[in-house]
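Asks: Have a look at the structure that comes next, please.
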Amino acid sequence: MVLPWMILLLIFGGLLAWVLGRSGPAGPRIVSYSVLLVNLILAALTWTGVYGSEIPAAEWIAEFHLPWVPGLGIGIDLAMDGLSLLLVILTLVIGIVAVASTRTQDESQPGFFHLCLLWTLSGVLGVFLAMDLILFSFFWELMLIPMFFLIAVWGHEQRAYAAIKYFIFTQFSGLFLLASILGLFFIHANATGNFTFYLPQLIGTKTGPGASMLLMLGFVAAFAVKLPVVPFHTWLPDAHAEAPTAGSIILAALLLKTGAYGLLRLALPLFPAASGYIAPAALALGVAGVLYGAFMSYAQTDLKRLVAYTSVSHMGFVLLGIYAGTAIALQGAILQIICHAFSTGALFVIAGFLQDRLQTRELGRMGGLWPVMPRLGSVTIFFALASMGLPGIGNFIAEFLVLLGTFQVNIPAAVLASAGLVFSTIYALTMVRRVFFGPPPASPVELSLPDLSWREAAVIAPMIAILLWIGIYPQPLMNTAMNTVSVKAGRTGIISTGGMAKDTGPLRIEKIFPDRRQPGGKGEE
């Protein structure tokens with residue numbers, strides 16, 4: 001029962017925050033902190049085996065099944081393995097960071113603000129836990145509406161344009177997802193006589209090469225927009241630039257990760273052969289994202305847009321790791337999902353701190369801030385170093401594993417993507433120089449501007465600690481995720497090896513994608 005309660009606590013907590021918002025922002029903040037902390041405790045207890053099986057003693061750590069529309073095979077089916085456990089914990093930690101960053105932004109309609117925030121998190125949590133595809137689609141759409149309001153109501157000058165663009169891109173791509181789900185449902189029902197949307201039962205459904213490719217592309221279209229994959233990324237910089245700080249944090253740290261999770265959990269296990277067929281194109285798009293995002297970051301004059309384009313670059317590494325298909329590359333992709341959430345999320349927190357102080361995001365109106373804000377400058381340097389992949393920080397481990405795993409199957413892709421590390425050094429150091437060490441603007445900054453406060457440091461410090469921990473000792477995270485992502489007994493996943501320490505050798509793409517030559521193959525013929 002712990003899994004549905006995690007989602008329901010966020011939904012009911014949002015309603016309670018809405019009611020309490022009539023008396024000011026204090027009540028909604030307390031509610032948000034409370035439900036997120038309770039959920040984090042539940043997730044931690046699940047990890048230790050109190051509310052589920054110990055890792056990796058069972059394929060699923062925890063499960064929940066309840067018929068919803070049994071005549072159509074629709075159920076409230078939730079399950080958690082090591083991969084989804086890490087992402088659930090990530091969601092809750094980032095949720096707490098987002099609430100902590102709303103000190104001034106939730107003063108207007110505070111109840112509705114925290115309702116939208118908690119319901120967005122409930123949708124993200126549902127995506128990471130849903131095993132029924134209709135339920136997955138429901139939570140996929142649930143993320144959309146409250147995030148739309150977060151941007152449209154509490155965003156900046158161009159918030160209406162950014163919110164509508166975000167809505168159109170994600171809603172249109174979600175229609176492809178729903179169409180593919182229904183197509184797979186009817187093909188499976190016609191072949192077996194079994195009406196079900198339960199993911200483990202749908203894996204291995206026999207489809208023709210053409211149908212397999214079309215259905216797979218429908219799933220990939222939805223996930224590519226959310227990831228985002230170049231050229232479907234254009235909604236992202238606008239949404240990030242205009243969203244409030246909390247919205248930018250959730251967008252970068254969580255909503256983008258649902259696209260990567262969808263590829264890992266649905267697209268590859270359901271259509272391994274068709275996925276192998278498009279793997280070279282996906283690798284090319286991953287490289288394009290790495291290089292294009294880094295180049296565009298350097299060209300930005302708006303601090304939040306600069307950080308937004310770094311997400312395009314970093315998520316290109318995730319796409320590379322997923323479609324390279326080696327065990328090492330997949331481990332790197334999962335680590336990159338987690339490390340990017342903290343490094344880029346922290347940069348958006350810092351951008352919010354600077355905007356609150358300077359009332360601008362324009363880099364041309366910044367400069368010479370180091371004497372005024374040395375503590376804020378120091379933490380900015382740390383996360384800039386994380387973004388450029390400095391050894392000893394988690395991002396380096398993640399990107400190194402992705403490149404190493406990609407090198408085993410596609411040397412040109414690995415070499416070109418490694419150039420993105422050079423470009424990331426340029427844009428990260430340029431950002432720090434322009435904000436803190438460059439010449440001050442024509443109107444100099446007042447020396448009375450506050451430096452990083454203790455409350456703000458408390459928001460940033462855990463993210464620094466987590467990135468350092470992953471950079472020094474990443475193995476617990478890799479073992480937790482990779483020991484439970486295999487295809488066994490009809491369950492979901494894409495590989496059958498354990499953690500990196502237990503590998504006997506590189507798992508090449510042919511062992512994950514059965515046939516790269518045609519979009520048919522075992523289970524899809």
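The values are calculated or read from the model by the stated rules, or taken from the named source; none is laboratory data. Note that the structure is predicted; figures quoted are calculated from it, not measured. Quick reminder, even Gly has a Cβ in these numbers, built from the backbone with ideal geometry, and neighbours come from all protein chains shown. The accessibility values were calculated without ligands, DNA or RNA, using every heavy atom of the protein model including side chains. Shrake-Rupley method; radii C 1.70, N 1.55, O 1.52, S 1.80 Å.
Asks: Counting only heavy atoms of the protein chains, get the accessible area per residue of segment 111-236 (1.4 Å probe) and round it to a whole Å² value.
Replies: Here the per-residue accessible area is 33 Å².
Asks: List, in order, the whole-Hz ³J(HN,Hα) value for each residue of segment 108-118 obtained from phi through the Karplus relation with A = 6.51, B = -1.76, C = 1.60 and θ = phi - 60°; use x for Gly and Pro.
Replies: 8, 6, x, x, 5, 4, 6, 4, 5, 5, 5
Asks: Let me ask something additional. Find the Rg to Rh ratio for segment 151-195, where Rh is the Kirkwood radius over alpha-carbon pairs and Rg uses the same atoms. Let's see the in-between values first.
Replies: Numbers: Rg = 17.7 Å, Rh = 12.8 Å.
Rg/Rh for segment 151-195 comes to 1.38.
Asks: About its Cα centre, how strong a charge dipole does the chain have in debye, to the nearest 20, once Lys and Arg get +1 and Asp and Glu get -1 at the Cβ? Don't skip to the end; give the middle numbers.
Replies: On the way: 26 positive and 24 negative charges, 91 e Å.
Dipole size: approximately 440 debye.
Asks: Near the amide H of Ile76, under 5 Å away, which other amide H atoms are found, from residues 5 or more places off or on another chain, if H is placed in the peptide plane?
Replies: Leu66, Trp68
Asks: Also: Of all accessible surface on the chain at a 1.4 Å probe, what whole percent is carbon and sulfur?
Replies: The nonpolar share, carbon plus sulfur, comes to 69 percent.
Asks: Once phi is turned into θ = phi - 60°, what whole-Hz ³J(HN,Hα) does the Karplus curve with 6.51, -1.76 and 1.60 give for every residue of segment 289-296, x standing for Gly and Pro?
Replies: Each residue's phi maps through the Karplus curve to give x, 4, 6, 5, x, 5, 5, 5 Hz.
Asks: If one takes the longest principal axis of the Cα atoms in the chain, at what angle in degrees, from 0 to 90 and to the nearest 10, does the Cα axis of helix 374-387 lie?
Replies: The two axes meet at around 30 degrees.
Asks: What shape does segment 351-408 have by the C-alpha gyration tensor, where a ≥ b ≥ c are the square roots of the eigenvalues, rounded means a/c under 1.5, and otherwise prolate means a/b greater than b/c and oblate the rest?
Replies: prolate
Asks: Separate question: Taking segment 370-420, which chymotrypsin sites (Phe, Trp or Tyr not before Pro) meet the DSSP loop condition and have no more than 15 other C-beta atoms within 10 Å?
Replies: Of the chymotrypsin sites (Phe, Trp or Tyr not before Pro), not one in the loops of segment 370-420 has a Cβ with at most 15 other Cβ atoms within 10 Å.
Asks: For the chain, find the longest principal axis of its Cα atoms and tell me its angle to the long axis of helix 82-100, 0 to 90°, nearest 10.
Replies: With rounding to tens, the tilt is 20 degrees.
Asks: OK, next. When the dipole is taken about the Cα centre of segment 134-261, and only Lys, Arg (+1) and Asp, Glu (-1) are charged at their Cβ, what size is it in debye, to the nearest 20?
Replies: On the way: 5 positive and 4 negative charges, 53 e Å.
Charge dipole, segment 134-261, about its Cα centre: 260 debye, nearest 20.
Asks: The chain: longest stretch without exposed trypsin sites (Lys or Arg not before Pro) (DSSP loop, at most 13 other Cβ within 10 Å), sites themselves excluded?
Replies: Maximal segment without exposed cleavage sites: 1-487.
Asks: Using helices alone, what [θ] at 222 nm do you get for the chain, with -39,500 (n - 2.57) per DSSP H run of 4 or more residues, divided over all residues and rounded to the nearest 500? Show your work: numbers first, answer last.
Replies: Working: 21 runs with 341 residues, N = 525.
My calculation for the chain gives -21500 deg cm²/dmol from helical runs alone.
Asks: Hey, if you put +1 on the Cβ of every Lys and Arg and -1 on every Asp and Glu Cβ in the chain, which of Ala417, Ile278, Thr46 ends up farthest toward the positive end of that dipole?
Replies: My answer, from the dipole projection, is Ala417.
Asks: Once the Cα gyration tensor of segment 169-218 is diagonalised, what are the square roots of 5 times its eigenvalues, in whole Å and ordered largest first, as equivalent ellipsoid semi-axes?
Replies: Values: eigenvalues 80, 31, 13 Å².
Sorted largest first and rounded, they come to 20, 13, 8 Å.
Asks: Restricting things to alpha carbons, tell me how big segment 271-427 is in terms of Rg and Dmax, in Å.
Replies: Radius of gyration, then largest Cα-Cα span, for segment 271-427: 16.6, 57 Å.
Asks: Then there is this: Considering only protein heavy atoms, what per residue accessible area in square angstrom results for segment 322-373 with a 1.4 angstrom probe? Don't skip to the end; give the middle numbers.
Replies: Numbers: 1000 Å² over 52 residues.
So segment 322-373 comes to 19 Å² accessible per residue, rounded to a whole number.
Asks: If you don't mind, another one. Quick one: Cα convex hull volume of the chain, Å³ per residue?
Replies: It comes to 128 Å³ per residue, whole-number rounded.
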